[in-house]
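Accompanying notes for the structure given below.
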Amino acid sequence: MSPLPPGRLRCEYLVEPLGVDTASPRLSWLVESPVRGDRSKAFHVLVSSAPELLRGDIGDFLDTGMTEADGAASLEYGGEALLSCARYFWKVRWWDREGQVSPWSEPASFVTGFLNPGDWKPKWIAPRTVAEFRSKGTVLLGHPGADDVQACAVYVRREFALKDKERAALAMIFISGLGHYELRLNGRKVGTSVLDPGWTDYRKKALYASHDVTGLVRDRNAVGVILGNGRHTKSYGYDGPKLTCRIEVEYESGEREVLFSDESWKTSDGPLQENGLYFGERYDARILIDGWDQPGFDDGAWDRAVPASGCPLVSQMMPPVRVTESLAPRSVRRLPSGAAIFDFGQNFSGWTRLKVEGPMGAEVRLRHAELLNEDGTLNLGPNENAEATDVYILRGGRPEVYEPKFTYHGFRYVEMTGYPGEPGPEALEGLFVHSDVERTGEFRSSNGLIDGIHKNVLWGQLSNLMSIPTDCPQRDERHGWLGDAHLSAEEAVFNFDMAAFYTKFLDDIRLAQKEDGSLPDVVPPYLPRLYPADPAWSSAYATLVELLWDYYGDRRVIAAHYASLKRYIDFLGRSADRNIIRSLGKYGDWCPPGGIVPKKTPVDLTSTWYYYHDVLILARLAVVLGRGEEAQQYTRLAGSIKSAFNDAFLGETQYAAIRVSPVDTYPNQTSNALPLYLDMVPDDRKDKVVASLVQSVVRQQDYHVDTGILGTRYILDVLTEAGELEAAYRMATHKSYPGWGYMLAEDATTLWERWEKLTGHAMNSQNHIMLGSIDAWFYRVLAGLSPLLPGWKAVRVRPHVPGDLASVEARVDTVAGRVGAAWQRTGDAFSLEVAIPVGATGEIHVPLLWHGSRIFESGKMLWRAGHSVDTVPEIALAGDDGKRVVFKVGSGAYKFEMKK
Ligand code: BGC
């Protein structure tokens, strides 16, 4: 039988991407095989300029012929030079281990964007005048900003005709509109993305999106664009709304017609007026300009656009922000004031869609909040300065539907006032809005509490992906805080395909770097005073690069950032005082129980630890790039930092803690967990430090965390590795304060910013993701999945079986294919099913649960009392340490069974 055709064809991590702007895009696919130990021996890729050519097996741009694969299922394009703004079609077939060839895959395609800097020709244009409004400014970490002066939304239009619509082979609109835009063609919204383009520092780059409108164009067309503010505001130092757009039609004959944005485009104001990310929107439907985005509209009264200054453009090569889910209200309750309170039963990022009918001029107000007060009114405390209010003024006389375009909120509850009549649940629909990254991981266990935490992490993580990783969706922040980003990143890559998203974010970090090598706490650096960053925050740079290497095998990202990472490490080096960083720490082990600022963990300790952490990563990346000498140099530097760290912070039995009184001699969890995590503790004191940590966890805190966000990221791993699995499990699953189970017990539907249940006007977001790292522990430790070689070419399955846990099941769709682990135990039996993708190998650690256990696979006894008994092809016994038996396997599905 011939092998199955390859599937999941991707280009630059994306399915059928539009706007590919690299000259040698990476093509990848997956192969599956029922045969254990199968491997892709060779592949054959064709890239063609037309579907007919591809159908005829002609790759006029690339024909690799049968190419030695050595297990790989990806290729960096190296064919004929790709042209800008053209569609390419491709397919692939593979040869299995036996040398049998598969049928061709289904065809896939990609459309290029602008491959050379000069290729983008259109002007940036702006309205001649813009109406402005004032909204509350941001108060950040105690620094009040001035009021925000923002622009009312701008409507832009242009008509164009096509020579011969019937023969249009490809019609594309490439567009960037700042801060955000909505693109319309012939009266309809184009595409499904919202809040485009993704956030960037517009001094350095703006993203353009590429839309295929081949099915939407007619002979006479009108393109309409609405421009909103987003982050492109004066308070961040940017000018007003502007846009650049290129419409390009390619006919079957190969002839092209192009239209650029220029002064012939017309602008006006319109019904959408005030709009701001934090503030909300004000939409006056009485001012509706019927037909403005249709051909034939009389725009005689509209202004001509004027040229505007621009900024470099880069294609938006990541999943866009979209509405991904609709939520029906769980309940609607009327308050004595007449306001209606809608409860969506879930905290999330997004907005609501209003359905209303009533008299002209009726004004419906929708205010969003995460919590209610005891009397049932909205608790606006956690919103801080964000008004989070959408106002819709009815045109009247017919059913009307409204949803905002240029704002979003973090909420569970909505207060509605001014609704004509009695609002029922159908009046409002909740729309979940976030970067539409693909879900690639599933986790489930026999413990409902763990599954509840996992679910809250998923909602929290998605709520905080808004073209950048954000800290929270509800208050007047929603910034790319680097600490929050990296602490939750491993959990994110287990759950979602983050490769394209983080690739874009890493470029944002690179662009945010200052001449002196320093990085900001927040990226894009909308808040310029946040330089230089706390090293525990800017560690996101090295951490994310390494994560893309481990989880996606992405070497290109290392090459792209290595030089900037070096400059960053040099900056840290210059800031250090004999290898100890004393000057850069700010937040440190942020938000420990009972406070915001670190209580017990010295910031010098966390800053220096992250310096060490990042230097280790750099040394590793240098090896990947073949820079042996630099690798040695960084390894030596790491050694010096480690010694300095231990000299400065290690006592007889424990690492330094901030002491509040002479009787406070208790060990601190974070101070001890961090050096244990990186194996920095000298051998002769390791047991003592572990004992100190355990003493704090077990004796002083009764299995509760006493860690802020930094310690929390590592403590479960450290306890597990130190042989304290049961302590880690209890810490993860108890229900009292402080802990994740406590949040659940208090009705949280996402994770909080603080361990405490706080509901006042303070830093107490109900939807932060920085404590979400526990979810990676579920996948990596409970299910036991981790990449042993970059890009999951080798998979380690090393499940842990703590406490009362009876079963765990996880799968991750990795770049190498599906990886899975599912275990179950009863009183006298344990089974572990694993899935290893074609081309990969597995290292399976079967935990020995009972003295005298035997291990079977395919009905054969593979292990008893330290020896292999039978043999099964593709399974090799690699040894045991009395606690686990390790097998090496090839690709495929296996079920190991242990009997008492
Ligand atoms: C944010 C955090 C962030 C922190 C920096 C807060 O206001 O919401 O999540 O990391 O500031 O200390």
Q) Ratio of Rg to Rh for region 783-862, alpha carbon only, Kirkwood? A) 0.99
Q) Can you list the HN-Hα couplings for region 795-805, worked out from phi with the Karplus curve (6.51, -1.76, 1.60; θ = phi - 60°), rounded to whole Hz and with x for Gly and Pro? A) 10, 9, 10, 9, x, 10, 10, x, x, 9, 5
Q. When the Kirkwood radius is taken over all Cα pairs of region 316-443, what Stokes-Einstein diffusion coefficient follows at 20 °C and 1.002 mPa s, in µm²/s?
A. 139
Q: Please report the base-10 log of the normalised intensity I(q)/I(0) for region 609-736, using a Debye sum with one equal scatterer per alpha carbon and no solvent, at each q in 0.22 (1/Å).
A: -1.23
**Q.** region 1-134, relative contact order [Cα under 8 Å, separation at least 6], %
**A.** 31
Q: Give the accessible surface of the chain per residue, rounded to a whole number of Å², with probe radius 1.4 Å and ligands, DNA and RNA excluded.
A: 36
Q | Mean separation of Cα contacts under 8 Å (6+ apart) over length of the chain, as relative contact order % | A | 10
Q | Cα coordinate range in region 6-76, projected on the principal axes (Å, largest first) | A | 37, 26, 18
**Q.** Relative compactness, region 610-656, computed as alpha-carbon Rg over 2.2 N^0.38 Å
**A.** 1.34
Q. With contacts defined as alpha carbon pairs under 8 Å and 6 or more residues apart, what's the relative contact order of region 549-683 in percent?
A. 22
Q) Amide H of Ser315: which non-local residues (sequence gap of 5 or more, or other chain) have their own amide H closer than 5 Å, using H built in the peptide plane? A) Tyr208
Q) Given q = 0.09, 0.20 Å⁻¹, what are the Debye log10 I(q)/I(0) values for region 389-519, with equal point scatterers placed on the Cα positions and solvent ignored? A) -0.40, -1.20
(Q) Counting only protein heavy atoms and a 1.4 Å probe, tell me what percentage of the chain's accessible area is made up of carbon and sulfur. (A) 49
Q | Alpha-carbon Rg with Dmax, taken over region 196-282, Å | A | 16.0, 50
**Q.** Restraint check, Lys242/Lys566; Lys860/Lys883; Lys688/Lys900; Lys163/Lys205, Cα-Cα greater than 31 Å
**A.** Lys242/Lys566; Lys688/Lys900; Lys163/Lys205
Q) Roughly how many debye, to the nearest 20, is the charge dipole of region 676-734 about its Cα centre, given +1 on each Lys and Arg Cβ, -1 on each Asp and Glu Cβ, and no other charges? A) 160
Q. With N residues in region 64-140, what two-decimal value do you get for its Cα radius of gyration over 2.2 N^0.38 Å?
A. 2.06
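Full extension from Ser858 to Asp687: what is 0.36 nm times the residue separation minus their Cα-Cα distance, to one decimal in nm?
57.4 nm
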**Q.** Cubic angstrom per residue, convex hull over Cα atoms of region 375-423
**A.** 117
Q) So what is Rg over Rh here for region 644-799, counting just Cα atoms and using Kirkwood for Rh? A) 1.00
Q: Using just the alpha carbons, could you tell me how many Å³ per residue the convex hull of the chain encloses?
A: 176
Q | Computed over region 457-537, the ratio Rg/Rh where both radii use C-alpha atoms and Rh is Kirkwood | A | 0.96
Q | For q = 0.14, 0.17 Å⁻¹, Debye-computed log10 I/I(0) when each Cα of region 1-142 counts as one equal scatterer | A | -0.68, -0.90
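Loop only per DSSP, at most 15 neighbouring Cβ atoms within 10 Å: give me the trypsin sites (Lys or Arg not before Pro) in region 705-739, ordered by residue number.
Those that pass, being in a loop and sparsely packed, are Lys735.
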Q.
Could you give each residue of region 3-16 its phi-based ³J(HN,Hα) in whole Hz, using Karplus coefficients 6.51, -1.76, 1.60 with θ = phi - 60°, and x for Gly or Pro?
A. x, 5, x, x, x, 6, 6, 10, 10, 6, 6, 10, 7, 6
Q) For region 855-900, what Kirkwood radius comes out of the mean inverse Cα-Cα distance, in Å? A) 10.8
Q. For region 483-566, with the dipole built from +1 on Lys and Arg beta-carbon atoms and -1 on Asp and Glu ones, taken about the Cα centre, which of Gly483, Val557, Ala533 lies farthest toward the positive end?
A. Val557
Q.
Working only with C-alpha atoms, what are the Rg and Dmax values of region 78-192, expressed in angstrom?
A. 23.3, 70
(Q) Give me a comma-separated list of calculated 3J(HN,Hα) values for region 407-418, in order, Karplus coefficients 6.51, -1.76, 1.60 applied at θ = phi - 60°, integers in Hz, x for any Gly or Pro. (A) 8, 7, 10, x, 6, 10, 10, 10, 9, 10, 10, x
Q | Calculated on alpha-carbon atoms, Rg and Dmax of region 220-268 in Å | A | 15.2, 49
Q. Which one of Val834, Ala305, Phe432 is farthest out on the positive end of the charge dipole of the chain, using unit charges on Cβ (Lys, Arg +1; Asp, Glu -1) and the Cα centre as origin?
A. Val834
Q. Any idea what the dipole of region 139-286 comes to, in debye rounded to 20, about its Cα centre with Lys/Arg Cβ at +1 and Asp/Glu Cβ at -1?
A. 80
Q: Pull up all non-local amide H partners of Leu372: gap of 5 or more, or a different chain, and H-to-H distance under 5 Å with H placed in the peptide plane.
A: Asn379
Q) Using modelled backbone amide H atoms (1.01 Å from N, in-plane), which distant-in-sequence or interchain residues come within less than 5 Å of Phe496's amide H? A) Thr440, Gly441
Q | Selection from Ala362, Asn373, Ser349, by position along the positive dipole direction of region 327-386 (Cβ) | A | Ala362
(Q) Considering all alpha-carbon pairs of region 572-619, what whole percent are spaced by more than 19 angstrom? (A) 29
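Per Stokes-Einstein, at 4 °C and 1.567 mPa s, what whole-number D in µm² s⁻¹ belongs to region 753-900, with the Kirkwood radius over Cα pairs as the hydrodynamic radius?
D, rounded to a whole number, is 78 µm²/s.
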**Q.** Per residue Cα convex hull volume in Å³ - calculated over region 388-447
**A.** 168
**Q.** Size of charge dipole - region 43-185 - debye, nearest 20, with Cβ of Lys, Arg +1 and Asp, Glu -1, no other charges
**A.** 1000
Q: List the trypsin sites (Lys or Arg not before Pro) within region 569-628 that fall in a DSSP loop (any state other than H, G, I, E or B) and whose Cβ has at most 15 other Cβ atoms within 10 Å.
A: Arg578, Arg582
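The values are calculated or read from the model by the stated rules, or taken from the named source; none is laboratory data. Keep in mind that what you see is a predicted model, and the values were worked out from it rather than measured. Positions of Cβ are backbone-derived with ideal geometry, glycine not excepted, and every protein chain shown enters the neighbour counts. We work out accessible area using only protein heavy atoms, side chains counted, and drop any ligands, DNA or RNA first. Shrake-Rupley method; radii C 1.70, N 1.55, O 1.52, S 1.80 Å.
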